[in-house]
Structures are given as C-alpha cells and as structure tokens.
1. If we keep just the residues of the stretch 74-87 that are open to solvent by less than 30 Å² (accessible area, probe 1.4 Å) and under 18 Å from the mean Cα position of the chain (by Cα), which is nearest to Lys60 (Cα to Cα)?
2. Exactly one of (1) under 28 Å from the mean Cα position of the chain (by Cα); (2) open to solvent by less than 80 Å² (accessible area, probe 1.4 Å); (3) over 18 Å from Gln85 (Cβ atoms); (4) modelled with pLDDT of 75 or more is unmet by Ser111. Its number?
3. Which one of these does Thr94 not meet: (1) more than 18 Å from the chain's Cα centre (by Cα); (2) surrounded by 11 or more Cβ atoms within 10 Å (Cβ to Cβ); (3) modelled with pLDDT of 90 or more; (4) not hydrophobic (A, V, I, L, M, F, W, C)?
4. Only residues that are free of Cβ contacts under 8 Å to residues at least 24 places away in the same chain and surrounded by fewer than 10 Cβ atoms within 10 Å (Cβ to Cβ): list them for the stretch 129-152, please.
Amino acid sequence: MAIRDLIPRTRNQELAPARSNYDPFTTLHREMNRLFDDAFRSFGGTGLAPLMEGQFGWPKIELSETDKALTISAELPGMTEKDVQIEIANGVLTISGEKKSERKDEGKYFSERYYGSFQRQIALEDVEEDKAEASFKNGVLTISLPKTENPRAGVKRIAISTQ
C-alpha cells in the first residue's frame with residue numbers, strides 16, 4: 001500500500017501532488033509501516049489476534065451440551081496428562097498447564113509452535129461438579145460434567161426495600 005492510498009479524497013478531487021523523495025514524515029511513516037509489517041509477519045498473522053492467541057485463546061476448546069451433560073474438549077498437541085491440571089472452584093472450570101520446548105538451544109531456528117504456560121477458564125452452570133470426569137487421548141483432553149437434575153432458576157429477582 002502506498003502512502004498516497006491513505007490520503008482522503010473525494011471523487012472529483014485529484015490526489016495531492018507527490019512529495020519529494022526525502023520527506024522526513026513520509027520516511028518515518030514508511031519505516032513505521034515496515035516495522036509493524038515485519039513484527040506481525042513474524043507471528044504468522046496480519047493483525048493483533050495472533051499476538052493475543054497465546055494469552056487468551058490457547059488451548060482451543062469445543063463445548064457440547066445435551067440435556068444430560070456438558071462436554072468440553074481441548075486440543076493440547078504434544079502434551080500428556082501429566083502436563084495438564086484441571087480444577088473446579090466457585091463454578092469455574094480451570095484448565096492449566098505448561099508446554100515445554102522440545103528443542104535444545106543449538107544454532108539458529110524458527111518456530112511457529114506455542115510453548116509456555118497456559119490457562120483457560122470456563123464458567124459452569126447447572127452441572128454436578130463432584131461427578132466430573134476427564135480423559136486424555138491423542139492430544140485431546142475431554143472433560144464430561146453431568147447436568148444437575150435440579151437446575152437453578154435462570155433469574156432470581158431480589159426485592160428492594162424502602163427505608
């Protein structure tokens with residue numbers, strides 16, 4: 001994209017005349033665009049989403065719900081059940097763990113794989129937390145939570161007193 005593409009104009013208005021090759025503002029703008037393009041390209045994406053994925057979107061999960069159960073599946077490639085912890089506290093399911101690098105620091109290398117600690121939290125409603133079950137097979141963690149037979153009412157109205 002050229003700098004001229006960023007100049008606002010109407011249909012009948014011609015583009016502003018091009019500035020000389022050495023305009024400090026144009027040079028600064030071009031360099032800033034190059035820096036951002038290089039930074040985003042190194043993460044394999046074109047926007048901020050790839051940068052935030054490690055913090056907010058990994059592992060990827062899938063939720064399925066029936067009348068009897070809630071099933072949560074999480075993709076955790078390259079990990080084992082020993083690398084993952086699952087907890088339920090105050091109506092929130094927490095999946096956490098750490099994926100360690102498999103590479104030794106020998107020479108230069110490039111990697112798009114995700115390494116490091118992660119944590120995903122999922123709010124739970126109307127499930128029997130004490131009967132939760134989990135299994136791990138082929139890099140996929142599956143958690144099954146049976147639904148309670150006496151679900152809480154969706155909305156509880158609280159009366160406001162006048163004093």
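1. Selected residue: Ala74.
2. Checking Ser111 against (1) under 28 Å from the mean Cα position of the chain (by Cα); (2) open to solvent by less than 80 Å² (accessible area, probe 1.4 Å); (3) over 18 Å from Gln85 (Cβ atoms); (4) modelled with pLDDT of 75 or more, the one that fails is (4).
3. For Thr94, the exception is condition (1).
4. Asp130, Lys137, Asn138, Glu149, Asn150
The values are calculated or read from the model by the stated rules, or taken from the named source; none is laboratory data. Just so it is clear, the structure is predicted and the values come from calculations on it, not from any experiment. As a convention, Cβ positions derive from the backbone with ideal geometry for all residues, glycine included, and neighbour counts pool all protein chains shown. Calculation scope for accessible area: heavy atoms of the full protein, side chains included, ligands and nucleic acids excluded. Shrake-Rupley method; radii C 1.70, N 1.55, O 1.52, S 1.80 Å.
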